[in-house]
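Quick notes on the structure that follows.
The numbers here are math on the coordinates, done by the rules we state, and not lab data. Computed from a predicted structure; not experimentally measured. Cβ coordinates were reconstructed from backbone atoms using ideal geometry, including for glycine residues, and neighbour counts include every protein chain displayed.
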Amino acid sequence: MPDYNKPIPIPDPFVNKPYWDGAKEGKLKLPRCTACSRVHFYPRIVCPNCGSRSIEWIEATGEGYLHTFAVQHRAAGGWAEEAPFVTAYIDLREGDRIFTVLRGVDPTQPEEIMKKIGALCRIEFEKANDDVTIPYWRVVG
Ligand SMILES: [Zn+2]
């Protein structure tokens, strides 16, 4: 396996460590507010919906639906080798929306990707190093 050559996030022990720990285990963990019961993404220490600081982490289904996408033709660093590639927003089954690089679609055929709006997508993971595993999403529906 070639070395992962793209930027690697640094997990923040106070904000998003459960998210990254989950990814290492092949699981999607999402923050949920215990006051209003709503899931939010990206992880924050304050609920963006009601302002509560009472956040718990749940294991999510890892499923969502393609909300929208863009074809990236230019990129820097390791991503430049992958261009063109597709970025997307996924409507999470549990609520809120996640930004991702989308696999399983052909960036040279955007009209075909358009037909996948609303399609079921599933999370998958790529190990970047011993500490960080990167989540991606793939259209499966
Ligand atoms: Zn809340």
Notebook entry, point to check: Taking neighbour Cβ counts within 10 Å as the exposure measure, how do K24, K29 sort from fewest upward?
Noted result: K24, K29
Notebook entry, point to check: Got the relative contact order for the range 1-110 handy, in percent, Cα pairs under 8 Å and 6 or more residues apart?
Noted result: 21 percent
Next item on the list: Could you list W137, W57, W20 in order of exposure, starting from the residue whose Cβ has the fewest other Cβ atoms within 10 Å?
Entry: W57, W20, W137
Margin query: What are the ³J(HN,Hα) couplings of the range 29-43, residue after residue, when phi is run through the Karplus curve with 6.51, -1.76, 1.60 and θ = phi - 60°? Round to Hz, x for glycine and proline.
Written below: 9, 10, x, 10, 6, 7, 7, 10, 6, 9, 7, 9, 8, 6, x
Checklist line | Rounded to whole Hz, the Karplus (6.51, -1.76, 1.60) HN-Hα couplings of the range 116-123, x for glycine and proline | finding: 8, 4, x, 6, 5, 10, 10, 7
Notebook entry, point to check: Lone cysteines in the chain, going by a 4.7 Å Cβ-Cβ cut-off?
Noted result: C121
Next item on the list: Can you pull the one-decimal nm distance between simple spin-label points at E82 and I117, each 7 Å off the Cα toward Cβ?
Entry: 2.4 nm
Next item on the list: Provide, as a two-decimal number, the C-alpha radius of gyration of the range 1-42 over 2.2 N^0.38 Å, N being how many residues it has.
Entry: 1.45
Notebook entry, point to check: Tell me, in nm to one decimal, what length is gained between R53 and T68 on full extension, where the rule is 0.36 nm per residue of separation less the Cα-Cα distance?
Noted result: 2.4 nm
Checklist line | Ranking of D96, D131, D3 by count of other Cβ atoms within 10 Å, fewest first | finding: D3, D131, D96
Check: Mind checking which of T108, T87, T61 has the largest fluctuation in a GNM of the chain, springs on alpha carbons under 10 Å?
Finding: T108
Next item on the list: Taking only Cα atoms and a 10 Å spring cutoff, compute GNM fluctuations for the chain and point out the largest among G77, G26, G64.
Entry: G77
Notebook entry, point to check: Which of the GluC sites (Glu not before Pro) found in the range 39-137 are loop residues per DSSP with 15 or fewer other Cβ atoms within 10 Å of their Cβ?
Noted result: E82
Margin query: Sequence gap of 8 or more, or different chains, plus Cα separation below 18 Å: how many lysine pairs satisfy both in the chain?
Written below: 8
Notebook entry, point to check: the chain: Rg/Rh from Cα coordinates, Kirkwood Rh?
Noted result: 0.98
Next item on the list: Filter the trypsin sites (Lys or Arg not before Pro) in the range 60-124 to those in DSSP coil with at most 11 other Cβ atoms within 10 Å of their Cβ, and list the result.
Entry: R74, K115
Check: Considering amide H positions built from the backbone, and no H for Pro or chain starts, which residues 5 or more places from T68, or on another chain, come under 5 Å of its amide H?
Finding: Y89
Checklist line | Sum of -39500 (n - 2.57) over DSSP H runs of 4+, divided by residues of the chain (222 nm, nearest 500) | finding: -2000 deg cm²/dmol
Next item on the list: List every residue whose amide H lies under 5 Å from the amide H of Y136, counting only residues 5 or more places away in sequence or on a different chain, with H placed 1.01 Å from N in the peptide plane.
Entry: E124, F125, E126
